[in-house]
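Peer 1: For reference, the structure I am asking about is given below.
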Amino acid sequence: MVAEALATTSMNIPYLNLQAVTAQHSEAIHQAVTTVVDSGWYLQGNAVKTFEDHYAQYIGTRHCIGMANGLDALTLTLRAYMEMGRLKVGDEVLVPANTFIATVLSITENQLTPVFIDIDAHTLDLDTDALERAVNERTSALMLVHLYGRCTYNERIAQICHTHNLLLIEDNAQAHGCWYHQQRTGSLGHAACHSFYPGKNLGALGDGGAVTTNDDELADVLRTIANYGFKEKYVATMLGRNSRLDEVQAAVLDVKLQYLDEDNQRRQALARTYYNKISNPHIRLPQQMNEGNNVYHIFPVFTPWRDELQQYLNDRGIGTLIHYPIPPHKQSCYPTWNHLQLPVAEQLAKQELSLPLSQVLTDEEANYVVEAMNAFQPSGYEKSGK
Ligand SMILES: Cc1ncc(COP(=O)(O)O)c(C=O)c1O
(Lines give C-alpha, C1' and ligand atoms only; values in the text may rest on other atoms or scores of the structure.)
Protein backbone atom coordinates (compact mmCIF):
# COMPACT_ATOMS: atom_id res chain seq x y z
CA MET A 1 0.00 0.00 0.00
CA VAL A 2 2.64 2.51 1.08
CA ALA A 3 4.91 1.52 -1.78
CA GLU A 4 2.06 2.17 -4.23
CA ALA A 5 1.31 5.55 -2.71
CA LEU A 6 4.99 6.48 -3.00
CA ALA A 7 5.08 5.44 -6.62
CA THR A 8 2.27 7.85 -7.47
CA THR A 9 3.52 10.82 -5.42
CA SER A 10 7.16 10.81 -6.37
CA MET A 11 9.22 13.75 -5.12
CA ASN A 12 12.72 15.01 -5.73
CA ILE A 13 14.42 15.85 -2.43
CA PRO A 14 18.11 16.76 -2.66
CA TYR A 15 20.20 16.04 0.40
CA LEU A 16 20.62 19.78 0.84
CA ASN A 17 19.21 22.59 -1.27
CA LEU A 18 21.67 25.44 -0.70
CA GLN A 19 19.99 27.63 -3.27
CA ALA A 20 16.79 27.51 -1.20
CA VAL A 21 18.74 28.12 2.02
CA THR A 22 20.26 31.32 0.59
CA ALA A 23 16.97 32.38 -1.00
CA GLN A 24 15.35 32.52 2.47
CA HIS A 25 17.24 35.74 3.20
CA SER A 26 18.17 36.68 -0.32
CA GLU A 27 17.46 40.39 -0.06
CA ALA A 28 19.40 40.93 3.17
CA ILE A 29 22.32 38.85 1.89
CA HIS A 30 22.49 40.74 -1.41
CA GLN A 31 22.34 44.02 0.49
CA ALA A 32 25.15 42.95 2.83
CA VAL A 33 27.35 41.84 -0.08
CA THR A 34 26.65 45.02 -2.03
CA THR A 35 27.62 47.14 0.97
CA VAL A 36 31.00 45.40 1.14
CA VAL A 37 31.52 45.55 -2.62
CA ASP A 38 30.77 49.27 -2.68
CA SER A 39 32.93 49.99 0.37
CA GLY A 40 36.19 49.12 -1.40
CA TRP A 41 37.41 47.43 1.83
CA TYR A 42 37.62 43.63 1.51
CA LEU A 43 39.84 42.32 4.31
CA GLN A 44 40.27 43.13 8.02
CA GLY A 45 37.51 45.71 8.07
CA ASN A 46 34.27 46.50 9.84
CA ALA A 47 32.26 43.54 8.56
CA VAL A 48 34.69 41.04 10.10
CA LYS A 49 34.93 43.02 13.33
CA THR A 50 31.14 43.23 13.62
CA PHE A 51 30.63 39.54 12.93
CA GLU A 52 33.39 38.54 15.35
CA ASP A 53 31.75 40.63 18.08
CA HIS A 54 28.29 39.23 17.39
CA TYR A 55 29.47 35.63 17.19
CA ALA A 56 31.52 35.88 20.39
CA GLN A 57 28.45 37.29 22.12
CA TYR A 58 26.27 34.54 20.67
CA ILE A 59 28.63 31.74 21.76
CA GLY A 60 29.34 33.41 25.10
CA THR A 61 33.10 33.94 24.89
CA ARG A 62 35.29 37.01 25.19
CA HIS A 63 36.92 36.51 21.80
CA CYS A 64 36.06 35.35 18.31
CA ILE A 65 38.87 35.31 15.76
CA GLY A 66 37.80 34.92 12.13
CA MET A 67 39.77 32.40 10.06
CA ALA A 68 39.80 31.30 6.43
CA ASN A 69 38.13 27.94 7.16
CA GLY A 70 37.49 25.37 9.87
CA LEU A 71 40.61 23.34 9.21
CA ASP A 72 42.75 26.45 9.70
CA ALA A 73 40.85 27.28 12.89
CA LEU A 74 41.79 23.85 14.27
CA THR A 75 45.35 23.81 12.94
CA LEU A 76 46.24 27.31 14.04
CA THR A 77 44.75 26.81 17.48
CA LEU A 78 47.16 23.93 18.05
CA ARG A 79 49.98 25.98 16.48
CA ALA A 80 49.21 28.84 18.85
CA TYR A 81 49.33 26.53 21.86
CA MET A 82 52.75 25.31 20.65
CA GLU A 83 53.89 28.91 20.34
CA MET A 84 52.63 29.53 23.89
CA GLY A 85 54.54 26.50 25.22
CA ARG A 86 51.39 24.57 26.12
CA LEU A 87 52.06 21.88 23.47
CA LYS A 88 55.25 20.49 21.98
CA VAL A 89 56.10 18.28 19.02
CA GLY A 90 55.18 14.63 19.72
CA ASP A 91 52.60 15.38 22.42
CA GLU A 92 49.55 13.15 22.28
CA VAL A 93 46.16 14.58 21.46
CA LEU A 94 43.06 12.51 22.17
CA VAL A 95 40.51 12.55 19.38
CA PRO A 96 37.32 10.60 18.65
CA ALA A 97 37.81 7.83 16.09
CA ASN A 98 34.68 8.85 14.21
CA THR A 99 35.30 12.36 13.01
CA PHE A 100 35.81 14.26 9.79
CA ILE A 101 39.43 13.99 8.76
CA ALA A 102 40.09 17.72 9.26
CA THR A 103 40.12 17.24 13.03
CA VAL A 104 42.98 14.76 12.69
CA LEU A 105 44.81 16.71 9.97
CA SER A 106 45.11 19.65 12.35
CA ILE A 107 46.92 17.39 14.83
CA THR A 108 49.31 15.72 12.39
CA GLU A 109 49.99 19.03 10.61
CA ASN A 110 51.51 20.23 13.89
CA GLN A 111 53.58 17.07 14.39
CA LEU A 112 51.44 16.12 17.33
CA THR A 113 50.27 12.52 17.74
CA PRO A 114 46.58 11.66 17.47
CA VAL A 115 45.34 9.01 19.89
CA PHE A 116 42.04 7.69 18.57
CA ILE A 117 39.31 6.98 21.10
CA ASP A 118 36.36 4.81 20.16
CA ILE A 119 32.82 5.88 20.85
CA ASP A 120 29.79 4.36 22.52
CA ALA A 121 27.53 2.78 19.87
CA HIS A 122 24.33 3.98 21.54
CA THR A 123 25.07 7.47 22.77
CA LEU A 124 27.63 8.18 20.01
CA ASP A 125 29.63 9.96 22.73
CA LEU A 126 33.26 9.22 23.50
CA ASP A 127 33.82 6.02 25.42
CA THR A 128 34.97 7.75 28.60
CA ASP A 129 36.54 4.61 30.07
CA ALA A 130 38.69 4.25 26.95
CA LEU A 131 39.42 7.99 27.15
CA GLU A 132 40.66 7.72 30.71
CA ARG A 133 42.74 4.62 29.92
CA ALA A 134 44.46 6.44 27.05
CA VAL A 135 45.77 9.30 29.19
CA ASN A 136 49.48 9.12 30.00
CA GLU A 137 52.33 11.54 30.70
CA ARG A 138 52.57 12.52 27.02
CA THR A 139 48.86 13.40 26.72
CA SER A 140 48.34 17.14 26.42
CA ALA A 141 44.95 17.80 24.88
CA LEU A 142 41.54 16.47 23.95
CA MET A 143 39.81 17.50 20.74
CA LEU A 144 36.12 17.07 21.44
CA VAL A 145 34.02 16.88 18.28
CA HIS A 146 30.31 17.69 18.49
CA LEU A 147 29.68 15.48 15.48
CA TYR A 148 26.30 15.59 13.68
CA GLY A 149 25.37 18.67 15.79
CA ARG A 150 25.13 16.70 19.06
CA CYS A 151 26.76 18.14 22.16
CA THR A 152 29.17 15.47 23.30
CA TYR A 153 30.57 17.26 26.36
CA ASN A 154 29.78 15.89 29.81
CA GLU A 155 30.93 16.20 33.41
CA ARG A 156 33.16 13.13 33.25
CA ILE A 157 35.04 14.50 30.24
CA ALA A 158 35.44 17.84 32.02
CA GLN A 159 36.74 16.00 35.09
CA ILE A 160 39.26 13.93 33.10
CA CYS A 161 40.61 17.08 31.42
CA HIS A 162 40.81 18.90 34.73
CA THR A 163 42.49 16.01 36.60
CA HIS A 164 45.13 15.49 33.92
CA ASN A 165 45.57 19.16 33.04
CA LEU A 166 44.56 18.60 29.41
CA LEU A 167 43.68 21.35 27.00
CA LEU A 168 40.07 20.91 25.93
CA ILE A 169 39.53 22.05 22.36
CA GLU A 170 36.07 21.77 20.86
CA ASP A 171 35.58 21.08 17.19
CA ASN A 172 32.27 22.90 16.86
CA ALA A 173 32.16 22.80 13.05
CA GLN A 174 28.84 20.93 13.10
CA ALA A 175 27.14 22.32 16.19
CA HIS A 176 26.64 26.08 15.91
CA GLY A 177 23.99 27.12 18.41
CA CYS A 178 23.95 23.91 20.42
CA TRP A 179 23.56 24.05 24.22
CA TYR A 180 25.05 22.28 27.20
CA HIS A 181 22.83 23.40 30.09
CA GLN A 182 23.11 27.21 30.05
CA GLN A 183 26.25 27.33 27.89
CA ARG A 184 26.69 27.05 24.15
CA THR A 185 29.06 24.50 22.70
CA GLY A 186 32.03 26.58 21.60
CA SER A 187 32.36 28.03 25.10
CA LEU A 188 32.91 24.83 27.09
CA GLY A 189 36.66 24.30 26.81
CA HIS A 190 39.85 26.33 26.43
CA ALA A 191 39.15 27.06 22.76
CA ALA A 192 36.65 26.06 20.10
CA CYS A 193 36.95 25.87 16.34
CA HIS A 194 34.10 26.58 13.95
CA SER A 195 33.67 26.02 10.22
CA PHE A 196 31.33 28.14 8.12
CA TYR A 197 31.49 25.86 5.08
CA PRO A 198 28.29 26.59 3.09
CA GLY A 199 26.42 23.46 4.18
CA LYS A 200 26.94 24.06 7.91
CA ASN A 201 24.12 25.26 10.19
CA LEU A 202 25.74 28.68 9.95
CA GLY A 203 27.20 28.63 6.47
CA ALA A 204 28.95 31.27 4.35
CA LEU A 205 28.83 31.61 0.57
CA GLY A 206 32.30 30.09 0.41
CA ASP A 207 34.87 29.10 3.01
CA GLY A 208 35.07 30.61 6.48
CA GLY A 209 35.96 29.66 10.02
CA ALA A 210 36.57 31.05 13.50
CA VAL A 211 38.02 30.31 16.91
CA THR A 212 36.16 31.28 20.07
CA THR A 213 37.92 31.50 23.43
CA ASN A 214 38.09 33.35 26.73
CA ASP A 215 41.89 33.19 26.68
CA ASP A 216 43.30 36.66 25.91
CA GLU A 217 46.79 35.36 25.13
CA LEU A 218 45.51 32.65 22.78
CA ALA A 219 43.36 35.21 20.94
CA ASP A 220 46.34 37.49 20.53
CA VAL A 221 48.67 34.74 19.29
CA LEU A 222 46.02 33.43 16.89
CA ARG A 223 45.51 36.87 15.34
CA THR A 224 49.27 37.16 14.91
CA ILE A 225 49.78 33.71 13.36
CA ALA A 226 46.81 34.12 11.03
CA ASN A 227 48.26 37.38 9.72
CA TYR A 228 51.82 36.39 8.60
CA GLY A 229 53.08 36.45 12.18
CA PHE A 230 52.74 40.25 12.26
CA LYS A 231 52.08 41.75 15.66
CA GLU A 232 52.44 45.09 13.99
CA LYS A 233 52.60 45.67 10.26
CA TYR A 234 55.66 44.08 8.58
CA VAL A 235 57.15 43.00 11.91
CA ALA A 236 57.02 39.20 12.05
CA THR A 237 57.40 37.89 15.59
CA MET A 238 56.18 34.37 14.78
CA LEU A 239 56.14 32.08 11.76
CA GLY A 240 52.76 33.02 10.41
CA ARG A 241 50.24 32.16 7.77
CA ASN A 242 47.58 33.98 5.86
CA SER A 243 44.22 32.76 7.16
CA ARG A 244 41.55 35.41 7.33
CA LEU A 245 37.80 35.51 7.16
CA ASP A 246 37.02 37.98 4.38
CA GLU A 247 34.62 40.91 4.54
CA VAL A 248 32.05 39.49 2.12
CA GLN A 249 31.74 36.20 4.02
CA ALA A 250 31.61 37.99 7.37
CA ALA A 251 28.80 40.26 6.15
CA VAL A 252 26.81 37.24 4.91
CA LEU A 253 27.42 35.35 8.15
CA ASP A 254 26.27 38.32 10.19
CA VAL A 255 22.93 38.27 8.38
CA LYS A 256 22.53 34.52 8.75
CA LEU A 257 23.52 34.53 12.43
CA GLN A 258 20.29 36.40 13.20
CA TYR A 259 18.30 33.38 11.97
CA LEU A 260 20.49 30.59 13.36
CA ASP A 261 18.33 29.80 16.41
CA GLU A 262 15.17 29.82 14.29
CA ASP A 263 16.84 27.56 11.71
CA ASN A 264 18.00 25.18 14.44
CA GLN A 265 14.47 25.05 15.89
CA ARG A 266 13.17 24.06 12.47
CA ARG A 267 15.84 21.33 12.28
CA GLN A 268 14.76 20.12 15.74
CA ALA A 269 11.11 19.97 14.68
CA LEU A 270 12.00 17.91 11.61
CA ALA A 271 14.14 15.60 13.72
CA ARG A 272 11.15 15.14 16.02
CA THR A 273 9.11 14.05 13.00
CA TYR A 274 11.78 11.51 12.06
CA TYR A 275 12.02 10.18 15.62
CA ASN A 276 8.26 9.97 16.06
CA LYS A 277 7.44 8.45 12.71
CA ILE A 278 10.33 6.40 11.39
CA SER A 279 9.83 2.84 12.42
CA ASN A 280 11.62 0.07 10.61
CA PRO A 281 13.17 -2.93 12.39
CA HIS A 282 16.08 -2.88 9.92
CA ILE A 283 17.11 0.70 10.67
CA ARG A 284 18.46 2.14 13.92
CA LEU A 285 18.06 5.80 14.87
CA PRO A 286 20.57 7.36 17.27
CA GLN A 287 19.56 7.80 20.88
CA GLN A 288 17.36 10.90 21.18
CA MET A 289 18.81 13.77 23.22
CA ASN A 290 17.31 16.73 25.04
CA GLU A 291 16.33 19.03 22.25
CA GLY A 292 18.69 21.91 23.01
CA ASN A 293 21.66 19.54 23.07
CA ASN A 294 21.36 18.69 19.38
CA VAL A 295 21.14 21.10 16.47
CA TYR A 296 20.89 18.28 13.92
CA HIS A 297 23.53 19.35 11.45
CA ILE A 298 23.24 15.76 10.25
CA PHE A 299 20.50 13.21 10.92
CA PRO A 300 22.29 9.84 10.82
CA VAL A 301 20.59 6.46 10.72
CA PHE A 302 22.36 3.11 10.91
CA THR A 303 21.70 -0.13 9.09
CA PRO A 304 23.75 -3.10 7.93
CA TRP A 305 21.97 -2.60 4.57
CA ARG A 306 23.26 0.96 4.23
CA ASP A 307 24.23 0.85 0.53
CA GLU A 308 20.99 -0.83 -0.39
CA LEU A 309 18.99 1.74 1.58
CA GLN A 310 20.87 4.59 -0.09
CA GLN A 311 20.09 3.18 -3.55
CA TYR A 312 16.46 2.56 -2.59
CA LEU A 313 16.02 6.14 -1.38
CA ASN A 314 17.83 7.48 -4.42
CA ASP A 315 15.41 5.54 -6.66
CA ARG A 316 12.60 7.40 -4.88
CA GLY A 317 14.17 10.80 -5.43
CA ILE A 318 15.63 11.16 -1.92
CA GLY A 319 19.24 12.35 -1.71
CA THR A 320 21.42 11.08 1.13
CA LEU A 321 25.09 11.26 2.11
CA ILE A 322 27.45 9.11 4.16
CA HIS A 323 29.28 10.74 7.10
CA TYR A 324 31.86 9.24 6.79
CA PRO A 325 32.66 6.08 4.82
CA ILE A 326 36.29 5.72 6.02
CA PRO A 327 37.38 6.64 9.56
CA PRO A 328 40.57 8.73 9.70
CA HIS A 329 42.73 5.90 11.10
CA LYS A 330 41.85 3.75 8.06
CA GLN A 331 42.68 6.42 5.48
CA SER A 332 45.61 5.60 3.20
CA CYS A 333 47.24 8.96 4.05
CA TYR A 334 47.74 7.56 7.57
CA PRO A 335 49.43 4.14 7.04
CA THR A 336 50.89 4.32 10.56
CA TRP A 337 47.44 3.87 12.06
CA ASN A 338 45.73 1.62 9.49
CA HIS A 339 46.31 -1.44 11.70
CA LEU A 340 44.39 0.04 14.63
CA GLN A 341 41.06 -1.47 15.50
CA LEU A 342 38.34 0.86 16.73
CA PRO A 343 35.35 -1.40 16.22
CA VAL A 344 32.45 0.97 16.91
CA ALA A 345 33.76 3.75 14.68
CA GLU A 346 34.54 1.20 11.97
CA GLN A 347 31.08 -0.35 12.16
CA LEU A 348 29.34 3.02 12.06
CA ALA A 349 31.37 3.97 8.99
CA LYS A 350 29.88 0.91 7.27
CA GLN A 351 26.33 1.51 8.49
CA GLU A 352 25.78 5.28 8.58
CA LEU A 353 23.44 7.09 6.21
CA SER A 354 22.44 10.76 6.56
CA LEU A 355 18.86 11.71 5.73
CA PRO A 356 17.91 15.09 4.27
CA LEU A 357 17.34 17.57 7.10
CA SER A 358 17.67 21.33 6.84
CA GLN A 359 15.66 24.42 7.64
CA VAL A 360 14.21 24.45 4.11
CA LEU A 361 12.91 20.87 4.13
CA THR A 362 9.08 20.95 4.14
CA ASP A 363 6.79 18.81 6.32
CA GLU A 364 5.54 17.15 3.17
CA GLU A 365 9.08 16.23 2.16
CA ALA A 366 9.92 14.94 5.65
CA ASN A 367 6.79 12.77 5.62
CA TYR A 368 7.72 11.43 2.20
CA VAL A 369 11.14 10.45 3.61
CA VAL A 370 9.42 8.79 6.60
CA GLU A 371 7.11 6.76 4.36
CA ALA A 372 9.98 5.61 2.20
CA MET A 373 12.05 4.66 5.25
CA ASN A 374 9.19 2.71 6.78
CA ALA A 375 8.54 0.80 3.55
CA PHE A 376 12.19 -0.26 3.10
CA GLN A 377 12.77 -4.02 3.07
CA PRO A 378 16.33 -5.28 2.63
CA SER A 379 16.59 -7.84 -0.14
CA GLY A 380 16.13 -11.38 1.13
CA TYR A 381 13.48 -10.30 3.66
CA GLU A 382 9.85 -11.23 3.17
CA LYS A 383 7.52 -8.28 2.78
CA SER A 384 5.67 -7.92 6.09
CA GLY A 385 3.07 -5.54 4.68
CA LYS A 386 4.22 -2.93 7.20
C1 LIG B 1 33.84 18.10 12.31
C2 LIG B 1 34.51 18.99 11.31
N3 LIG B 1 35.73 19.50 11.59
C4 LIG B 1 36.37 20.31 10.74
C5 LIG B 1 35.81 20.68 9.54
C6 LIG B 1 36.64 21.50 8.59
O7 LIG B 1 36.03 22.71 8.26
P8 LIG B 1 36.34 23.40 6.85
O9 LIG B 1 35.63 22.61 5.80
O10 LIG B 1 35.75 24.77 6.99
O11 LIG B 1 37.80 23.42 6.68
C12 LIG B 1 34.52 20.20 9.22
C13 LIG B 1 33.81 20.57 8.00
O14 LIG B 1 34.09 20.58 6.90
C15 LIG B 1 33.88 19.32 10.10
O16 LIG B 1 32.68 18.82 9.82
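The values are calculated or read from the model by the stated rules, or taken from the named source; none is laboratory data. Keep in mind that what you see is a predicted model, and the values were worked out from it rather than measured. So basically every Cβ, Gly included, is an ideal-geometry build from the backbone, and we count neighbours across all protein chains shown.
Peer 1: For residues in region 203-223 being within 16 Å of the ligand (Cβ to nearest atom) and of a type in the set (G, A, S), which is surrounded by the fewest Cβ atoms within 10 Å (Cβ to Cβ)?
Peer 2: Among residues in region 203-223 that are within 16 Å of the ligand (Cβ to nearest atom) and of a type in the set (G, A, S), the one surrounded by the fewest Cβ atoms within 10 Å (Cβ to Cβ) is G206.
Peer 1: Can you say whether T113 is among the hydroxyl-bearing types (S, T, Y), more than 15 Å from the ligand (Cβ to nearest atom) and touching an Asp or Glu at 6+ places or on another chain (Cβ under 7 Å), as far as the supplied structure shows? Quick ask: steps written out before the conclusion?
Peer 2: Values: among the hydroxyl-bearing types (S, T, Y): yes; more than 15 Å from the ligand (Cβ to nearest atom): yes; touching an Asp or Glu at 6+ places or on another chain (Cβ under 7 Å): yes.
Against the criterion (among the hydroxyl-bearing types (S, T, Y), more than 15 Å from the ligand (Cβ to nearest atom) and touching an Asp or Glu at 6+ places or on another chain (Cβ under 7 Å)), T113 qualifies.
Peer 1: A follow-up question, please. Select from region 48-88 the residues that are among the small types (G, A, S) and either touching a Ser or Thr at 6+ places or on another chain (Cβ under 6 Å) or part of a helix (DSSP H, G or I) (or both) and write down the one among them that is farthest from the ligand (Cβ to nearest atom).
Peer 2: First pass over region 48-88, keeping only residues among the small types (G, A, S): 56, 60, 66, 68, 70, 73, 80, 85.
Of the ones still in play, those that are also either touching a Ser or Thr at 6+ places or on another chain (Cβ under 6 Å) or part of a helix (DSSP H, G or I) (or both) are 56, 60, 68, 70, 73, 80.
Values: A56: 19, G60: 20, A68: 8, G70: 2, A73: 7, A80: 17 Å.
Among those residues, the one meeting the criterion is G60.
Peer 1: Quick check on this structure: which one of A251, A271 is among the hydrophobic types (A, V, I, L, M, F, W, C) and either surrounded by fewer than 20 Cβ atoms within 10 Å (Cβ to Cβ) or over 27 Å from D125 (Cα atoms) (or both)? Can you show your working first?
Peer 2: Details: A271 fails: either surrounded by fewer than 20 Cβ atoms within 10 Å (Cβ to Cβ) or over 27 Å from D125 (Cα atoms) (or both).
Sole residue among the options that is among the hydrophobic types (A, V, I, L, M, F, W, C) and either surrounded by fewer than 20 Cβ atoms within 10 Å (Cβ to Cβ) or over 27 Å from D125 (Cα atoms) (or both): A251.
Peer 1: Could you please find all residues in region 151-197 being of a type outside the set (S, T, N, Q), within 11 Å of the ligand (Cβ to nearest atom) and either outside the structural domain of T103 (by TED's automatic domain parsing) or touching a Cys at 6+ places or on another chain (Cβ under 9 Å) (or both)?
Peer 2: Selection gives E170, D171, A173, A175, H194.
Peer 1: Let me ask another. Applying the selection to region 234-283, what residues are among the basic types (K, R) and assigned to a loop (DSSP other than H, G, I, E, B)?
Peer 2: Just the residues of region 234-283 that are among the basic types (K, R), to begin with: 241, 244, 256, 266-267, 272, 277.
Once the filter is applied, which keeps residues that are among the basic types (K, R) and assigned to a loop (DSSP other than H, G, I, E, B), region 234-283 yields R241, R244.
Peer 1: Would you say G40 is free of Cβ contacts under 8 Å to residues at least 60 places away in the same chain, more than 16 Å from the ligand (Cβ to nearest atom) and small (G, A, S)?
Peer 2: Working: free of Cβ contacts under 8 Å to residues at least 60 places away in the same chain: yes; more than 16 Å from the ligand (Cβ to nearest atom): yes; small (G, A, S): yes.
For G40, the condition - free of Cβ contacts under 8 Å to residues at least 60 places away in the same chain, more than 16 Å from the ligand (Cβ to nearest atom) and small (G, A, S) - is met.
Peer 1: When you scan region 100-211 for strands (runs of 3 or more DSSP E) that lie fully inside it, which ones turn up with 1 or more residues that are among the small types (G, A, S)? Walk me through how you get there before you give the answer.
Peer 2: Details: elements: 113-117, 139-145, 167-171, 191-195.
Once the strands (runs of 3 or more DSSP E) in region 100-211 are filtered for at least 1 residues that are among the small types (G, A, S), what remains is 139-145, 191-195.
Peer 1: Next up: Name the single residue, out of those in region 150-180 being surrounded by 20 or more Cβ atoms within 10 Å (Cβ to Cβ) and among the polar types (S, T, N, Q), that is nearest to Q288 (Cα to Cα).
Peer 2: If we take residues in region 150-180 being surrounded by 20 or more Cβ atoms within 10 Å (Cβ to Cβ) and among the polar types (S, T, N, Q), then T152 is nearest to Q288 (Cα to Cα).
Peer 1: Can you spot a residue in region 249-262 that is under 15 Å from E83 (Cα atoms), touching a residue at least 12 places away in the same chain (Cβ under 8 Å) and among the hydroxyl-bearing types (S, T, Y)? Walk me through it before giving the result.
Peer 2: Quick first cut of region 249-262, residues under 15 Å from E83 (Cα atoms) only: none.
For region 249-262, residues under 15 Å from E83 (Cα atoms), touching a residue at least 12 places away in the same chain (Cβ under 8 Å) and among the hydroxyl-bearing types (S, T, Y): absent.
Peer 1: Has region 241-248 got at least one residue that is crowded, with 16+ Cβ neighbours inside 10 Å and under 19 Å from the mean Cα position of the chain (by Cα)?
Peer 2: The initial filter retains those residues of region 241-248 that are crowded, with 16+ Cβ neighbours inside 10 Å, namely 241, 243-248.
With the extra rule that they be under 19 Å from the mean Cα position of the chain (by Cα), the set shrinks to 245.
Scanning region 241-248, I find at least one residue that is crowded, with 16+ Cβ neighbours inside 10 Å and under 19 Å from the mean Cα position of the chain (by Cα), so the answer is yes.
Peer 1: Which one is nearest to the ligand (Cβ to nearest atom), of the residues in region 89-106 that are farther than 17 Å from Q331 by Cα and β-branched (V, I, T)? Talk me through it step by step, then tell me what you get.
Peer 2: Step one: filter region 89-106 for residues farther than 17 Å from Q331 by Cα, giving 89-94.
Now drop any that are not β-branched (V, I, T), which leaves 89, 93.
Working: V89: 22, V93: 14 Å.
Selected residue: V93.
Peer 1: All but one of (1) under 24 Å from A345 (Cβ atoms); (2) of a type in the set (D, E); (3) surrounded by 24 or more Cβ atoms within 10 Å (Cβ to Cβ) hold for D72, so report the exception by its number.
Peer 2: (1)
Peer 1: Continuing with the same structure: Being surrounded by fewer than 22 Cβ atoms within 10 Å (Cβ to Cβ) and within 12 Å of the ligand (Cβ to nearest atom) narrows it down to one residue among K200, K277; which is it?
Peer 2: Numbers: K277 fails: within 12 Å of the ligand (Cβ to nearest atom).
Of K200, K277, the one residue that is surrounded by fewer than 22 Cβ atoms within 10 Å (Cβ to Cβ) and within 12 Å of the ligand (Cβ to nearest atom) is K200.
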